[in-house]
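Below is one structure; the comments refer to it alone.
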Amino acid sequence: MTYPHMLAPLDLGFTTLKNRVLMGSMHTGLEETRDWNRVAEFYATRARGGVALMVTGGMAPNKEGGVFPGAAGLFSDEDITNHKIVTDRVHDAGGKIAMQILHAGRYAYSLECVSASAVKSPISPFPPKELDAGGIEKQIADIVTAAVRAREAGYDGVEVMGSEGYFLNQFLVTHVNKRDDEWGGSYENRMRLPVEVVKRVREAVGPDFILIYRLSMIDLIPNGSTWAEVVQLARAIEAAGATILNTGIGWHEARIPTIATSVPRRAFSWVTKKLMGEVSIPVITSNRINTPQVAEDVLADGCADMVSMARPFLADPEFVAKAAAGQAAQIAPCIACNQACLDHTFSGKMSSCLVNPRACFETELVLDAADEVKAVAVVGAGPAGLSTALALHERGHKVSIFEKASQIGGQLNMAKQVPGKEEFWGLVDYYQTMVADAGIDVRLETVADVAALADFDEVIIATGVTPRDPAIPGQDGPNVLSYIDVLRGKAPVGDRVAIIGAGGIGFDVAEFLVTDDSPTANLDAWMEEWGVADPADVRGGVAAEGPQPEPPVRQVTLLQRKAQKLGKNLGKTTGWIHRAALQMKNVKMVGGVNYERIDADGLHVSYGEARENPSLIAVDTVILCAGQGPQRTLADDLIAVGRTPHVIGGADVAAELDAKRAIDQGTRLAATI
Ligand code: NAP
Ligand code: SF4
């Protein structure tokens, strides 16, 4: 059998999980829509895809514990009836589902937030109120009530959220818990709350109900838990009646990335492995596991009894079924970009997925059989064109792709060269597999023109972008390159570099130029780079000596004209990582400049509207990353002869173009043709 460890059943005594894969909790925003058919379809689609057990997004046990005002929870009989729609649909699809109970404590974005002590978190504007003993009892009672209601609503279990720096986690560390009553002081006292919660939930729900406790195995904050405390808590949680221990990595306020694409795959499985043998209930590991082979390796290496994957189930609901059928290459890969999932969640938008715009839109974006089969030409094999072609094929259309380059992938082929963006290789491979398996007619090294497209019923222009001309005197000199020359590896770059433009590509080029060996490909190097240590050696797993990055390969200055923080418009949950990574490499970030001219000495700039402080940035190479404009010559040619092409992706709107918008736009277009 392929993936024998991952696909082995897991006997929990009163019930059996059909394999070792858990879909981890994700806050998608679906429950808040109260469109229960849509919520049910999201989970049922994943149940049909073969995952053994799913955990819902966090449900608030009460008003003060909600992540934000109005957060979903099981507060009324009507809520129970609504959630039953979801659990019934999941069970009909052969799946199991547990409800996560999430009390945010001081992470609640609300004036009513509560915690162990009145210590404000660095990521929230609201200081929490310190709970008195009665207040703590009320929180426990509300969590227990939520668990009982979850059972009434037909859930197979609950997950008690005890990690990521949320309420229960806050009691464990002296950094937040300053109490001197029975809920604070000694570790025994500080862990009383989570243990009491698990004990009372178990008493209330009975023995035959899955109770997962998500335990913070490495806090990644100064003064976090020690490993001995983690083990002590795990044993106490087992004794209190938990069925399974799930792993949480890092508090939300940690300044060490834990799930971004630059984090090596399975970067934290070594932490969970340390708990194996310390408890006798199953242990789940988590974070940056995104292919069946990685999941299999983690289990075969004895790092855990089960794996949790969350975002990979947005990218492809059929992850497990495809793996079991020997079709792993057809699994749409989660590239850990956060662009359509977590960045949306933290902007109050519905989650989806960059590579699968149907995620969370299952009932709305439907790719059913087309009424009339058409011959469709797609010009451009970047993410926009490829995703459109695949969606059109799924609907039964006859698709031909024209691509002037010798390979598919478009700008993805540049992204994959950037250290920390290695996941893009898998995305290009996935598209390669899918277009080949679909038998789509791909014409590489072929420039499409009006004549070549004459016989197609529909033409889709996905020709992408051309670099913007920043019109700087001297930009034609031999020391000036475009980002394309650099990322395609065609041009030699000097030791001292100025980068003009600090958008996503300027940041990427800077990363590319200061790094020799990507730490994403080497876990030890990555841990050293970000200062991750073993919690057995240092509290919280934060290295005492801090981050120890490799010295930069080049001296880079990154510039923009806007007088604001550089990287302000990068991803909401990942921008800080890009900025921190470049700061660690001493990249100089300069805003508010005017580009006066380039000559053999380097880049001459001035500052502000008054063009003050004219000065020279002495560099060997200047690289232009000044954004792009749409490449729509072919679209205009077609319109001129009376055709009405569909223009998508960067060819449509280049500003703020990214693969997320391109793929979403193309897939939605394909659903209408
Ligand atoms: P961009 O984000 O639009 O950034 C363009 C940069 O060039 C800005 O810093 C801008 O700053 C500068 N600029 C604009 N016009 C200029 C001019 N006439 N002369 C000199 N500088 C000028 O474009 P991009 O960096 O090429 O990226 C394109 C898109 O790819 C991004 O929007 C992003 O969505 C996507 N992308 C995303 C990532 C990611 O990590 N998520 C990575 C790579 C690319 P000033 O106007 O202040 O000078
Ligand atoms: Fe993964 Fe990116 Fe999709 Fe989120 S948006 S699920 S990180 S591929």
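Find all pairs meeting these conditions: Cβ atoms under 8 angstrom apart; at least six residues apart or on different chains; first residue within the range 72-83 and in the same structural domain as Trp36 (by TED's automatic domain parsing); second residue in a helix (DSSP H, G or I) and open to solvent by 90 Å² or more (accessible area, probe 1.4 Å).
Ile80/Glu152
For the range 635-655, give me each residue that is open to solvent by less than 20 Å² (accessible area, probe 1.4 Å) and in contact with a Leu (Cβ under 9 Å, 6 or more places away or on another chain).
Of everything in the range 635-655, those that are open to solvent by less than 20 Å² (accessible area, probe 1.4 Å) and in contact with a Leu (Cβ under 9 Å, 6 or more places away or on another chain) turn out to be Leu638, Ile648, Gly649, Gly650, Ala651.
Just the residues that are closer than 30 Å to Ile97 by Cα and part of a loop (DSSP other than H, G, I, E, B), please, taken from the range 118-155.
Once the filter is applied, which keeps residues that are closer than 30 Å to Ile97 by Cα and part of a loop (DSSP other than H, G, I, E, B), the range 118-155 yields Ala153, Gly154, Tyr155.
Quick grid of which residues meet (1) over 30 Å from Cys113 (Cα atoms); (2) touching an Asp or Glu at 6+ places or on another chain (Cβ under 7 Å):
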{"residue": "Val21", "(1), (2)": "yes, no"}
{"residue": "Met26", "(1), (2)": "no, no"}
{"residue": "Gly57", "(1), (2)": "no, yes"}
{"residue": "Phe68", "(1), (2)": "no, no"}
{"residue": "Ala72", "(1), (2)": "no, yes"}
{"residue": "Asp79", "(1), (2)": "no, no"}
{"residue": "Asn82", "(1), (2)": "no, no"}
{"residue": "Ile85", "(1), (2)": "yes, no"}
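If I ask for residues that are open to solvent by 20 Å² or more (accessible area, probe 1.4 Å), in a helix (DSSP H, G or I) and not acidic (Asp, Glu), which ones from the range 186-235 would you list?
Of everything in the range 186-235, those that are open to solvent by 20 Å² or more (accessible area, probe 1.4 Å), in a helix (DSSP H, G or I) and not acidic (Asp, Glu) turn out to be Tyr187, Asn189, Arg192, Val195, Lys199, Arg200, Arg202, Ala204, Trp227, Ala228, Gln232, Arg235.
List the number of the failed condition for Glu296; all other conditions in (1) over 19 Å from Ile212 (Cα atoms); (2) open to solvent by less than 10 Å² (accessible area, probe 1.4 Å) hold.
(2)
What residue, of Ala340, Ala310, Ala336, Ala304, is closer than 15 Å to Ser286 by Cβ, within 16 Å of ligand 1 (Cβ to nearest atom) and not β-branched (Val, Ile, Thr)?
Details: Ala340 fails: closer than 15 Å to Ser286 by Cβ; Ala310 fails: within 16 Å of ligand 1 (Cβ to nearest atom); Ala304 fails: within 16 Å of ligand 1 (Cβ to nearest atom).
Testing whether each residue is closer than 15 Å to Ser286 by Cβ, within 16 Å of ligand 1 (Cβ to nearest atom) and not β-branched (Val, Ile, Thr) leaves just Ala336.
Tally up the residues in the range 582-609 that are open to solvent by 50 Å² or more (accessible area, probe 1.4 Å) and modelled with pLDDT of 95 or more, please.
9
Could you tell me whether the range 315-322 includes any residue that is small (Gly, Ala, Ser), at positive phi and either open to solvent by less than 10 Å² (accessible area, probe 1.4 Å) or not in a loop (DSSP other than H, G, I, E, B) (or both)?
no
Going through Val553, Val619, Val532 one at a time, which residue ends up being of a type in the set (Val, Ile, Thr) and without any contact (Cβ under 8 Å) to a residue 60 or more places away in the chain?
Within the list Val553, Val619, Val532, the selection yields Val553.
Among the numbered criteria (1) over 30 Å from Glu32 (Cα atoms); (2) within 16 Å of ligand 2 (Cβ to nearest atom); (3) open to solvent by 30 Å² or more (accessible area, probe 1.4 Å), which single criterion is violated by Phe361?
(1)
If you take the residues of the range 381-411 that are part of a strand (DSSP E or B) and of a type outside the set (A, V, I, L, M), which of them is most open to solvent (accessible area, probe 1.4 Å)?
Quick first cut of the range 381-411, residues part of a strand (DSSP E or B) only: 398-402.
In the following step, the residues that additionally are of a type outside the set (A, V, I, L, M) were identified as 398, 400, 402.
Numbers: Lys398: 140, Ser400: 6, Phe402: 6 Å².
It comes out as Lys398.
For Ala260, state whether it is within 16 Å of ligand 2 (Cβ to nearest atom), in contact with a Ser or Thr (Cβ under 9 Å, 6 or more places away or on another chain) and either of a type in the set (A, V, I, L, M) or modelled with pLDDT under 95 (or both).
Here the answer is yes, as Ala260 does meet what is asked.
Restricting attention to the range 339-353, does a residue exist that is closer than 30 Å to Phe456 by Cα and either open to solvent by 20 Å² or more (accessible area, probe 1.4 Å) or not assigned by TED's automatic domain parsing to the domain that holds Gly439 (or both)?
No: the range 339-353 contains no residue that is closer than 30 Å to Phe456 by Cα and either open to solvent by 20 Å² or more (accessible area, probe 1.4 Å) or not assigned by TED's automatic domain parsing to the domain that holds Gly439 (or both).
So for the range 94-106 (the condition being over 21 Å from the mean Cα position of the chain (by Cα), touching a residue at least 40 places away in the same chain (Cβ under 8 Å), surrounded by fewer than 20 Cβ atoms within 10 Å (Cβ to Cβ) and under 17 Å from Pro317 (Cβ atoms)), does at least one residue qualify?
Yes; the residues of the range 94-106 include at least one that is over 21 Å from the mean Cα position of the chain (by Cα), touching a residue at least 40 places away in the same chain (Cβ under 8 Å), surrounded by fewer than 20 Cβ atoms within 10 Å (Cβ to Cβ) and under 17 Å from Pro317 (Cβ atoms).
Could you list, in sequence order, the residues of the range 263-279 that are part of a loop (DSSP other than H, G, I, E, B) and open to solvent by 30 Å² or more (accessible area, probe 1.4 Å)?
Passing the criteria: Arg265, Arg266, Lys274, Gly277, Glu278.
Could you say which residue among Thr463, Thr446, Thr388 is more than 26 Å from Ile505 (Cα to Cα), in contact (Cβ under 8 Å) with a residue 24 or more places away in the chain and hydroxyl-bearing (Ser, Thr, Tyr)?
Thr446
Considering only residues that are over 23 Å from Tyr595 (Cα atoms) and away from ligand 1 (no atom under 16 Å from the Cβ), look in the range 457-490 and name the one that is farthest from the chain's Cα centre (by Cα).
The selected residue is Asp457.
What are the residues in the range 566-581 that are within 12 Å of ligand 1 (Cβ to nearest atom) and either open to solvent by less than 40 Å² (accessible area, probe 1.4 Å) or modelled with pLDDT under 95 (or both), if any?
Within the range 566-581, Leu566, Gly567, Lys568, Asn569, Leu570, Gly571, Lys572, Thr573, Thr574, Gly575, Ile577, Ala581 qualify.
Just wondering, is there one or more residues in the range 77-89 that are in contact with a helix residue (DSSP H, G or I) (Cβ under 9 Å, 6 or more places away or on another chain) and either in a strand (DSSP E or B) or at positive phi (or both)?
No, the range 77-89 contains no residue that is in contact with a helix residue (DSSP H, G or I) (Cβ under 9 Å, 6 or more places away or on another chain) and either in a strand (DSSP E or B) or at positive phi (or both).
Looking only at the range 236-253, which residues are buried (at least 23 other Cβ atoms within 10 Å of the Cβ) and either within 25 Å of Asn338 (Cα to Cα) or out of contact with any strand residue (DSSP E or B) (no Cβ under 9 Å at 6 or more places or on another chain) (or both)?
Of everything in the range 236-253, those that are buried (at least 23 other Cβ atoms within 10 Å of the Cβ) and either within 25 Å of Asn338 (Cα to Cα) or out of contact with any strand residue (DSSP E or B) (no Cβ under 9 Å at 6 or more places or on another chain) (or both) turn out to be Asn246, Thr247, Gly248, Ile249, Gly250, Trp251.
When the range 194-241 is examined, which residues are found to be closer than 24 Å to Gly13 by Cα and of a type in the set (Asp, Glu)?
If the condition is that a residue be closer than 24 Å to Gly13 by Cα and of a type in the set (Asp, Glu), then Glu196, Glu203, Asp208, Glu238 are the ones that fit.
The values are calculated or read from the model by the stated rules, or taken from the named source; none is laboratory data. Bear in mind that the values here come from a model prediction, so they are computed numbers and not experimental data. Note that each Cβ is placed from the backbone with ideal geometry, even for glycine, and that neighbours are counted across all protein chains shown. Heavy atoms of the whole protein, side chains included, go into the accessibility calculation; ligands, DNA and RNA do not. Shrake-Rupley method; radii C 1.70, N 1.55, O 1.52, S 1.80 Å.
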